[in-house]
Every structure is written in C-alpha cells, then in structure tokens.
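J.: This structure is in structure tokens; I'll ask about it shortly.
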Amino acid sequence: MKKPVILLMVLALLLWTGCTSKGRTAKGPSLRVAALAAPVTFNPLFARDPASAEVALLFFEPLLTFHPETLEPEGRLLKSWEIGGGGREYTLHLRRDAFWSDGTPVTAEDVAFTVKVACHPDYAGWLYYYLKHIDGAADYREGDRSCLAEGEMGGLTVEDGFTLKVRLAEPFAPFLASLAFPPLPAHVWQEVPVAEMEGHIFSRQPAVFSGPYRLHERRPDAFVHARASETYYLGKPGIEDIYYTVIPNPETQLVELLAGRLDLLPHLNKPEDMPLLLENDKLAVYTTDRLAYDFIGFNLKKVASQLSDRRVRQALSMAVDRRELVEKLLLGMGKVAAGPLSPLQRAFDADFTGYGYDPEAARKLLAETGLRKVELKLIFNAGNLLRENVAVLFSQKAAAIGVSISVVPMEWEAFVETLYRGDFDLVLLGFGTGVDPDFSYHWHSGGPGNLLGYSNREVNRLLEEAGKTLTEQERMALYREAQKLLVEDAPGVWLYYRQAVYAATAALRNFRPHPDFLFYQVHQWEMRGRATW
Amino acid sequence: MVRLVAGRLAQTLLVLAGVTVVTFFMMHYAPGQPLQNNPELRLDPTAVERWLALRGLDKPVPAQYAAWLGRLLCGDMGVSLVYNRPVPELLRERIPATLLLTVTAFVFSFGLAVFLGTKAAARPGSLLDTVINAVSLGGVSLPGFWLCMLAVMVFSHRLNLLPGAGMATPGSGGMADVAAHLVLPVSVLSLSGFAHYVRYVRVTVMEVMSQDYVRTARAKGLRKNAILRRHVLPNAALPLVTVAALSLPFLFTGAAMVEYVFAWPGMGRFIITSTLARDYPVIMAANLLVAVLVALANLAADLVYMLLDPRLRVEHRYAGRR
C-alpha cells in the first residue's frame with residue numbers, strides 16, 4: 001500500500017520540477033554569481049575572508065581602484081590627489097556628487113573617521129597595516145583611547161568638507177596604493193565603540209551605503225541578494241539583481257554554470273575544465289594574471305639546518321623545471337615566476353629569468369657542499385589539488401639531484417601554526433604581492449610577513465630607499481635590483497603566477513576581469529541577448 | 001519505574017558533562033584559533049592578541065571552560081566568534097533547512113525499508129530479496145561523496161533535469177522549486193539510509209517469523225498479510241524503534257557531505273565550517289545538541305521499550321527490589 005503512495009510522491013516531485021525553471025519573478029536583468037563560501041560580514045573594514053571582501057565592495061565604494069591591466073590608480077570617491085611635501089603630504093579631493101544612501105554627502109570627515117577606526121587599538125582588521133605610515137597613527141594606536149574612533153590624529157587634517165590632508169611620518173611612495181579602501185559613513189558609526197563594530201547590526205545589514213548595490217535579502221549559507229542602488233553616483237547599474245550564490249563544491253558550480261543556472265563563475269580552479277568551457281558557445285571565458293605567486297620557501301630561522309648553506313638552496317632552485325609546471329600542471333594557465341615581482345606590476349623585469357632548470361649543475365653544486373645526505377620536510381595545506389601535485393613533483397625532482405624530501409600535507413589551521421612555529425624545512429605556499437611592487441612585507445628582515453626569517457641588509461636598504469624614492473622610474477629600478485639580490489640568496493624557489501579564470505554566460509557584457517576586485521566597474525555590466533523574466 | 005527513570009536521567013547528565021569537557025579541551029588544544037591567522041591578511045599581532053583577550057580567549061583553558069559552563073547554566077550558549085551573533089540564532093537559521101532534508105529522507109528510507117524489508121523477509125531468496133540485498137550492499141559500501149557527484153553529473157549535468165545546488169532558486173522560491181531542489185539530495189540520502197535500515201528490518205522480521213506463534217498463526221489458517229501485520233510487525237517493532245530513535249539526533253546535525261555537494265544551507269555544512277574556523281561557541285553548542293539528542297533518544301527508546309514490551313517492565317521491577 002505504501003509503495004504507490006511513495007511512487008506518487010516522487011512523481012509529483014518530478015512533475016513540479018518541470019514547472020520550476022521558469023517561475024522567476026524578478027523584474028530587471030539579473031546575474032547569478034557563484035561563491036565558494038558565504039560572506040561573514042558586509043563591513044569592508046572587518047572582512048577577513050575572501051567572500052566578505054568581495055561582496056562588501058558591492059555596498060561600499062572605495063576611494064580609488066586600479067586599472068586591471070596597468071594597475072594605475074583610478075579615482076572613485078576621490079576626484080584627484082596631490083602628493084607634496086617631499087612625498088610626505090597627500091592632499092585628497094573627494095567628489096562632490098557622491099552621496100550615502102540616506103542623502104548625506106560622502107565627506108572628508110568620513111574618510112578621516114575611517115582612518116581613525118583602522119588605527120584604533122581595538123581594530124583587528126587588515127587596513128591598519130596600510131595606514132600605519134600616517135603621522136601619528138602609531139601614537140593613536142598606542143595611546144590610552146576612548147572606545148570610540150574619535151579624537152585627533154596628528155597626520156590627518158580635514159581642510160574642508162571634501163578635502164583631506166594626510167601627512168606621513170616619513171615619505172613612503174607605496175602609500176597611494178593603500179587608499180583603495182572604502183570609507184564608512186561617520187554619521188552612522190561614530191557612536192559605536194570600535195570593539196563592537198564587527199558585531200554590530202550595520203555590519204550585517206548596511207543600512208547606509210555608498211556602493212552601486214544595496215542589500216536586498218540574505219539567506220544564511222545560501223545566497224546574498226543585492227539590488228541596484230538608485231542613489232549610486234556613477235548612475236544606476238545595468239543589472240538589477242545580483243545573486244551571490246554559495247556553492248561550496250567547485251564541481252557543482254561548474255555543472256550549474258553549464259546548465260544555465262549560474263551566470264558567472266569566478267575563481268575557476270581546475271585548468272582541466274578549460275576545454276569544456278571554451279567549446280561552449282554560450283559561455284565566455286576571461287583570464288587575468290593574479291597578484292600572487294606560489295613558491296617553495298626555505299626555513300632560514302632553523303639553526304643548524306642544511307638549508308643554511310646557500311648552495312643547497314640554489315641547487316634546489318635549479319632542480320625544478322618551472323616551465324614544465326606551468327605547462328603540465330597549470331596547462332598553460334599561468335606564468336613562470338622568477339622572483340617576487342608580478343608580471344602585472346610596473347617594476348616587472350621581463351629579462352630577469354632567475355634560475356633555469358639544470359639538474360646537472362644542481363648536483364655539482366650540491367657535491368661542492370660536501371653534505372652527505374640532505375633530508376628535508378616539506379609542508380603545505382591539504383585540499384589544494386594543484387599544490388599537492390606540485391609538492392609531489394618537486395620532491396621527485398629533488399630526489400633526482402640527491403635530496404630526499406618528505407611531503408607533509410596539513411589541515412589549514414595546523415599548517416598556519418606550524419608555519420609560525422617554524423617546525424619545517426620547506427613550505428609550499430602562496431604570497432600576495434599587492435598592487436604596489438614593494439615586497440617589504442615578505443622579504444624585508446623586519447617585515448611582519450617574513451615568516452622564513454630571510455635577512456639581507458642590502459635588500460633591506462634597497463627596499464627602504466625605494467620607499468622614499470619619488471621618481472617612479474628610479475623606484476622601480478630599485479625593486480628590480482632588490483629582486484635580483486633576493487633571488488641570488490635563494491630563500492625560496494619561485495614557481496609560478498597562476499592566472500585567474502572567470503567563466504560567464506555570453507550574455508554578460510562589459511565584464512572585465514580584475515586581479516584584485518571581482519566586482520570591478522560592476523555598474524557598467526549588462527545582460528544582453530537573454531530574455532528577461 | 002520512577003527510580004529507574006531518575007537513575008537514567010542522572011546517568012545521562014553525567015555523560016553530557018563528560019562530553020562537554022572532552023570536546024572543550026580537545027577543541028582548545030587543537031592547533032589554530034578563531035581569528036583568521038592567515039599571514040596574508042596582514043593583521044597586526046598586538047591587535048590579534050587584544051581581539052582574543054576581549055573575548056576571554058587568552059585565559060587558561062580550564063577557566064574558559066568554567067566561564068562557558070557558567071553561562072550555559074544561565075541559558076547562554078555564547079556568541080559566535082566568526083559571525084558575532086548569538087549561537088542559538090545561527091542554529092535556528094539552519095536547523096529548518098536540515099530537517100527538511102533529513103526528515104524527508106528519513107521518512108522515505110525508513111518507510112521503504114520497513115515495507116520492502118518485510119516483503120523480502122517473507123520470501124527469502126526470492127528475486128525481490130536478492131535485489132534488495134544487492135541494493136543495500138551497494139548503498140552501504142558506495143562512498144557517499146561519489147554517489148552525490150554521480151547524481152549531480154547524471155541528473156543536473158547530462159540530463160539537466162534537476163537543479164544540483166541550493167535549496168531554492170535565488171529570487172524565486174516557492175514550494176515546487178524547493179521540492180525540485182530536494183529530489184537529488186533526498187534520493188542520495190535515502191539510498192544510503194535505506195541500505196542501512198533494510199538490513200535491520202529484514203533480519204528482525206525473519207527472526208520473528210521463525211517464532212512458534214507465527215507457525216501457530218499460520219497453522220490456524222491466517223493469511224500471510226494478516227500474520228505479518230498482526231503478529232510479526234508488532235513484535236519486530238521493538239528493535240526497529242531503537243534503530244529509528246538512534247537516527248533521530250542525526251536528523252538535526254544534517255548530512256555534511258550531501259549538504260556540501262548540493263550546496264544545501266544546513267547544519268552539517270555549518271558545523272564543518274565552524275570547526276574549520278575554530279568557532280568555539282558554535283562547535284560546543286553543536287556538540288552539546290548532538291549529545292543531548294543522543295541521550296534523549298536513548299532514554300526515549302528505553303521508555304518506548306517498556307511501553308511496548310510488558311516483560312521489560314516486570315524485569316525492571318524485580319531488579320529494583322533486589
């Protein structure tokens with residue numbers, strides 16, 4: 001008796017299915033974007049996960065952004081800027097036609113307030129690192145503060161409603177790239193203690209915003225529905241609704257894209273999927289270089305390590321054929337990395353090729369060291385298929401020159417902890433270069449991201465000097481020189497710059513892949529050639 | 001009876017306390033911390049320390065446990081360290097989605113298992129029996145992940161019949177839409193559930209059928225269906241109730257694998273992401289929820305036993321007097 005009932009139910013379910021795909025009610029054109037994880041916050045200052053950082057920029061407009069290919073700064077809320085005072089004084093002019101969604105203009109006060117939030121001792125976000133060069137920032141952070149982001153900060157002067165003067169403690173040329181942050185509306189946030197901001201309701205439901213979209217609906221772990229803002233200063237976006245849809249499994253994402261149930265798939269991870277996408281004429285595929293490289297770092301903090309001998313490190317640098325990695329593992333979707341300067345950056349040196357593949361020379365160099373047996377431990381984060389393959393391939397190549405490497409994949413948190421603790425010889429990881437070529441964060445001996453313990457006085461000096469050099473040409477030359485010295489020391493084996501791949505429905509127009517922002521110029525995107533529901 | 005129940009309750013509370021201690025300490029001694037510590041985020045180490053201190057995470061673990069327990073006893077499950085919202089709020093948002101998935105699958109798989117398992121047991125060795133055996137063996141041994149991917153591959157990709165991701169089409173919704181999204185995950189979950197349950201049902205029913213009273217019933221000329229319904233099933237119900245009761249807690253924790261592949265916004269995925277993010281209050285709440293439900297389900301199964309089987313009641317009465 002039960003059987004027919006169940007069969008009927010299944011049948012009913014299947015029948016329902018047939019009628020669902022066209023039951024949409026949205027008015028204007030819509031775009032369904034795939035995401036691997038749900039955003040945690042919409043407050044850009046407190047975004048620590050990629051999804052939050054991506055989505056927050058739909059709701060909050062940055063001061064400036066960068067051209068996707070040349071990385072030249074492009075004003076957004078900033079109309080223009082001047083750099084004076086020997087590279088110490090930045091005068092920022094805000095647009096007068098940009099408004100918060102409640103009708104109040106975006107002012108210099110908002111920017112100053114946001115800078116103070118970032119420099120407040122209770123702020124544990126990413127922005128402080130970029131703004132710490134402002135005169136008085138360190139004092140502001142260390143002083144005995146009120147819980148609010150108020151009071152004075154030496155280097156900040158609000159000249160008038162739309163002009164802000166920022167004075168740095170010392171000249172620091174990369175500072176302009178630090179201005180890509182979106183200001184928060186001071187009139188909404190100024191009564192909120194900084195420690196409570198990330199948990200505040202406005203971080204989940206941005207009631208007052210400046211970006212091209214507003215939050216319409218959010219279903220936990222399912223999707224974020226953003227709707228075009230009527231008040232956006234660059235005009236109402238062409239796409240009415242954006243559904244930022246969470247699908248944690250990349251394969252399911254691909255299936256949904258191919259089935260037409262998704263429109264844009266950013267962060268495509270498997271190069272093997274490329275042919276499938278390229279042969280589909282309903283899809284368009286976009287690629288861009290990324291501002292990040294993968295490399296194998298050597299732990300130089302470890303005492304009495306065989307890696308203290310530079311020749312061992314150089315030998316390992318020559319052991320691996322990076323072109324082969326790019327061709328066979330990335331299937332050409334990337335570029336060989338010779339050093340920390342990205343092909344996108346102005347400082348990039350196309351003539352600098354670093355180490356070539358030369359196992360013979362590597363063996364010879366290794367023999368010179370007189371080391372009998374070189375045994376090393378390589379750690380990396382598990383779950384990243386490409387890195388797993390790279391790790392295995394590298395250990396094979398190392399074995400060919402007589403270095404035995406044990407490969408240890410680790411769960412992410414355990415990996416990070418081991419990385420900080422220094423209990424490893426080699427580590428396979430990715431470093432972000434940032435927009436500005438300054439690589440002090442990772443490779444200056446005092447850089448907070450210098451986890452490997454690399455230290456070279458001359459490299460330090462060059463990086464510091466570059467920071468103070470105002471002529472663009474000279475500054476880039478200094479980075480190139482620093483890169484040369486750095487690579488000679490072989491603190492790691494630079495492997496490749498992966499490309500970012502985006503697949504979108506052919507109906508999506510004006511999409512431009514950007515190495516840093518998914519929703520770059522989203523207000524210009526349009527959906528054409530597809531019936532609107 | 002009252003003493004027995006009280007005794008079981010006390011035992012349950014002890015087990016629960018034990019579970020919280022073990023989970024809490026294991027979780028805190030595992031590497032990692034709740035504030036994303038990725039060096040690429042360029043967070044200021046002093047600010048990170050301050051962040052942890054503001055949330056009491058710099059104190060010794062036993063002190064943290066005491067604080068957590070104290071708050072729990074006042075009914076406060078804490079605030080998520082990732083979402084900055086009260087934990088019950090987060091659970092409430094996700095439990096309905098999970099229940100929709102798991103209860104539907106449970107009803108399908110258990111109902112089908114009872115129905116087909118009884119049939120198979122009534123005629124061991126028949127074609128139906130062989131097919132069911134094969135299906136259940138397959139269902140138990142095939143990896144869940146593979147089954148999920150296969151379902152997506154065939155029904156969402158090749159045939160393009162059913163959506164492979166999410167609980168509803170964003171921006172549309174509606175009952176029919178949700179039902180369509182339910183089909184694949186429920187089918188996969190049901191298959192493995194069915195495979196699991198049908199073996200119990202078959203064995204239990206076969207055992208009961210070999211009893212003397214069944215032979216008597218048959219001898220007095222009762223029809224096969226009447227025997228099954230009146231004599232076999234009521235007697236076979238007992239072990240089946242246990243199996244069903246013990247599955248109940250997991251209806252709330254969802255099916256992480258299925259939720260991951262089909263992008264179902266439920267508890268399973270939430271528990272996994274929270275664990276990976278070291279969101280201590282959420283991990284504790286989820287574990288406690290499971291522990292409480294398991295304990296309650298066991299207790300309930302015991303009580304139902306006593307209601308269903310008078311023999312147990314008598315035995316316990318004697319046991320109580322001794």
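The values are calculated or read from the model by the stated rules, or taken from the named source; none is laboratory data. Note that the coordinates shown come from a computational prediction; the quantities given were computed from them, not determined experimentally. Don't worry about glycine lacking a Cβ; one is built from the backbone with ideal geometry, like all the others, and counts go over all protein chains shown. Please note that ligands, DNA and RNA were not included when accessible areas were found on the heavy atoms of the full protein model with its side chains. Shrake-Rupley method; radii C 1.70, N 1.55, O 1.52, S 1.80 Å.
J.: All but one of (1) modelled with pLDDT under 95; (2) more than 9 Å from chain B (Cβ to nearest Cβ) hold for A:R227, so report the exception by its number.
T.: Against the list (1) modelled with pLDDT under 95; (2) more than 9 Å from chain B (Cβ to nearest Cβ), A:R227 comes up short only on (1).
J.: Just one of A:K364, A:K397 is surrounded by fewer than 20 Cβ atoms within 10 Å (Cβ to Cβ) and not β-branched (V, I, T); which is it?
T.: A:K364
J.: Can you tell me which residue among A:G75, A:G85 is surrounded by fewer than 21 Cβ atoms within 10 Å (Cβ to Cβ), under 26 Å from A:A466 (Cα atoms) and modelled with pLDDT under 95?
T.: A:G85
J.: Follow-up question, since we're still on this one. Looking at (1) among the hydrophobic types (A, V, I, L, M, F, W, C); (2) assigned to a strand (DSSP E or B); (3) within 11 Å of another protein chain (Cβ to nearest Cβ), can you tell me which one A:V408 breaks?
T.: Evaluating A:V408 over (1) among the hydrophobic types (A, V, I, L, M, F, W, C); (2) assigned to a strand (DSSP E or B); (3) within 11 Å of another protein chain (Cβ to nearest Cβ) leaves (3) as the failure.
J.: Kindly check whether there is at least one residue in the range B:168-181 that is more than 7 Å from every other protein chain (Cβ to nearest Cβ), open to solvent by 50 Å² or more (accessible area, probe 1.4 Å) and touching a residue at least 12 places away in the same chain (Cβ under 8 Å).
T.: Checked against the condition, which is being more than 7 Å from every other protein chain (Cβ to nearest Cβ), open to solvent by 50 Å² or more (accessible area, probe 1.4 Å) and touching a residue at least 12 places away in the same chain (Cβ under 8 Å), the range B:168-181 yields no hits at all.
J.: Turning to a different aspect of this structure: Please determine, by comparing only the residues of the range B:90-131 that are within 11 Å of chain A (Cβ to nearest Cβ), surrounded by 14 or more Cβ atoms within 10 Å (Cβ to Cβ) and among the charged types (D, E, K, R), which one is nearest to B:M267 (Cα to Cα).
T.: So, considering only residues that are within 11 Å of chain A (Cβ to nearest Cβ), surrounded by 14 or more Cβ atoms within 10 Å (Cβ to Cβ) and among the charged types (D, E, K, R), the one nearest to B:M267 (Cα to Cα) is B:R94.
J.: Just checking, does the range B:228-246 include any residue being without any contact (Cβ under 8 Å) to a residue 40 or more places away in the chain, part of a loop (DSSP other than H, G, I, E, B), more than 30 Å from A:A222 (Cα to Cα) and away from chain A (no Cβ under 14 Å)?
T.: Among the residues of the range B:228-246, not one is without any contact (Cβ under 8 Å) to a residue 40 or more places away in the chain, part of a loop (DSSP other than H, G, I, E, B), more than 30 Å from A:A222 (Cα to Cα) and away from chain A (no Cβ under 14 Å), which makes the answer no.
J.: How about the range A:246-261: which of its residues are closer than 16 Å to B:G171 by Cα, within 7 Å of chain B (Cβ to nearest Cβ) and open to solvent by 20 Å² or more (accessible area, probe 1.4 Å)?
T.: A:R261
J.: Further, regarding this structure: May I ask you to list pairs of residues, at least six apart or on different chains, whose Cβ atoms are under 9 Å apart, with the first in the range B:56-79 being free of Cβ contacts under 8 Å to residues at least 12 places away in the same chain and surrounded by 11 or more Cβ atoms within 10 Å (Cβ to Cβ) and the second being assigned to a helix (DSSP H, G or I) and acidic (D, E)?
T.: Hits for this filter: B:D58/B:E49.
J.: Within the range A:420-435, which residues are within 13 Å of another protein chain (Cβ to nearest Cβ) and either among the hydrophobic types (A, V, I, L, M, F, W, C) or under 20 Å from the mean Cα position of the chain (by Cα) (or both)?
T.: Once the filter is applied, which keeps residues that are within 13 Å of another protein chain (Cβ to nearest Cβ) and either among the hydrophobic types (A, V, I, L, M, F, W, C) or under 20 Å from the mean Cα position of the chain (by Cα) (or both), the range A:420-435 yields A:V427, A:L429, A:G430, A:F431, A:G432, A:T433, A:G434.
J.: In the range A:475-533, which residues are over 27 Å from A:L57 (Cβ atoms), among the small types (G, A, S) and in contact with a strand residue (DSSP E or B) (Cβ under 7 Å, 6 or more places away or on another chain)?
T.: Correct list: A:G492 only.
J.: Being more than 14 Å from chain A (Cβ to nearest Cβ), part of a helix (DSSP H, G or I) and open to solvent by 50 Å² or more (accessible area, probe 1.4 Å) is the filter here; which residues of the range B:132-164 pass it?
T.: Listed by number, the residues that qualify are B:N133, B:A134, B:V135, B:L137, B:V140, B:S141.
J.: Criterion first (without any contact (Cβ under 8 Å) to a residue 40 or more places away in the chain and in contact with a Leu (Cβ under 9 Å, 6 or more places away or on another chain)) does A:S445 satisfy it?
T.: Spelling it out, it is not the case that A:S445 is without any contact (Cβ under 8 Å) to a residue 40 or more places away in the chain and in contact with a Leu (Cβ under 9 Å, 6 or more places away or on another chain).
J.: Filter the range A:134-155 down to residues that are under 20 Å from A:V192 (Cβ atoms) and either open to solvent by 50 Å² or more (accessible area, probe 1.4 Å) or touching a strand residue (DSSP E or B) at 6+ places or on another chain (Cβ under 6 Å) (or both), then give me how many there are.
T.: Within the range A:134-155, residues that are under 20 Å from A:V192 (Cβ atoms) and either open to solvent by 50 Å² or more (accessible area, probe 1.4 Å) or touching a strand residue (DSSP E or B) at 6+ places or on another chain (Cβ under 6 Å) (or both) number 5.
J.: Counting residues that are over 16 Å from A:R76 (Cβ atoms) and among the polar types (S, T, N, Q), which helices (runs of 4 or more DSSP H) fully inside the range A:159-204 reach at least 1?
T.: A:201-204
J.: Still on this structure, I have one more. Restricting attention to the range A:504-520, report how many residues are under 26 Å from A:D436 (Cβ atoms) and open to solvent by 40 Å² or more (accessible area, probe 1.4 Å).
T.: 2
J.: Let me spell it out: the conditions are (1) more than 30 Å from A:E417 (Cα to Cα); (2) open to solvent by 30 Å² or more (accessible area, probe 1.4 Å); (3) away from every other protein chain (no Cβ under 14 Å); (4) not aliphatic (A, V, I, L, M), and B:P249 meets all of them except one. Which number is the exception?
T.: (2)
J.: Something else now. Just checking, how many residues over the range A:475-513 are more than 24 Å from A:A338 (Cβ to Cβ), within 19 Å of the chain's Cα centre (by Cα) and part of a loop (DSSP other than H, G, I, E, B)?
T.: Within the range A:475-513, residues that are more than 24 Å from A:A338 (Cβ to Cβ), within 19 Å of the chain's Cα centre (by Cα) and part of a loop (DSSP other than H, G, I, E, B) number 2.
J.: Still on this structure, please answer the following. Mind telling me which of the residues A:L277, A:L268, A:L264, A:L184 ends up being over 25 Å from A:N510 (Cβ atoms) and more than 9 Å from chain B (Cβ to nearest Cβ)?
T.: A:L184
J.: Another question, if that's okay. Which residue is surrounded by the most Cβ atoms within 10 Å (Cβ to Cβ), if the candidates are limited to the range A:89-119 and must be in contact with a Lys or Arg (Cβ under 6 Å, 6 or more places away or on another chain) and within 27 Å of A:E464 (Cβ to Cβ)?
T.: This residue is A:C119.
J.: Moving to a separate point now. Filter the range A:262-281 for residues that are part of a loop (DSSP other than H, G, I, E, B) and open to solvent by 60 Å² or more (accessible area, probe 1.4 Å) and give the result.
T.: A:H267, A:N269, A:K270, A:E279, A:D281
J.: Considering B:V87, B:V82, which residue is under 23 Å from B:L289 (Cβ atoms) and at pLDDT 95 or above?
T.: B:V87
J.: Of these, A:E417, A:E413, which one is within 14 Å of another protein chain (Cβ to nearest Cβ), part of a helix (DSSP H, G or I), open to solvent by 50 Å² or more (accessible area, probe 1.4 Å) and farther than 30 Å from A:L344 by Cα?
T.: A:E417
J.: Just need a number here: residues in the range A:121-141 that are in contact with a Lys or Arg (Cβ under 6 Å, 6 or more places away or on another chain) and not in a helix (DSSP H, G or I).
T.: Qualifying residue count, the range A:121-141: 3.
J.: Take the conditions open to solvent by less than 60 Å² (accessible area, probe 1.4 Å) and more than 15 Å from the chain's Cα centre (by Cα) and apply them to B:T204. Does it pass?
T.: The answer is yes for B:T204.
Residues are listed down the side, and each one gets a yes or a no for (1) assigned to a helix (DSSP H, G or I); (2) buried (at least 17 other Cβ atoms within 10 Å of the Cβ):
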site: B:G7; (1), (2): yes, no
site: B:L13; (1), (2): yes, no
site: B:T20; (1), (2): yes, yes
site: B:F24; (1), (2): yes, yes
site: B:Q33; (1), (2): no, yes
site: B:E49; (1), (2): yes, no
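J.: Checking the structure you have, find out if any residue of the range A:99-109 is charged (D, E, K, R), away from every other protein chain (no Cβ under 14 Å) and in a helix (DSSP H, G or I).
T.: Within the range A:99-109, one or more residues are charged (D, E, K, R), away from every other protein chain (no Cβ under 14 Å) and in a helix (DSSP H, G or I).
J.: Can you pull out every residue in the range A:441-459 that is part of a helix (DSSP H, G or I), surrounded by fewer than 18 Cβ atoms within 10 Å (Cβ to Cβ) and of a type outside the set (K, R)?
T.: A:E458
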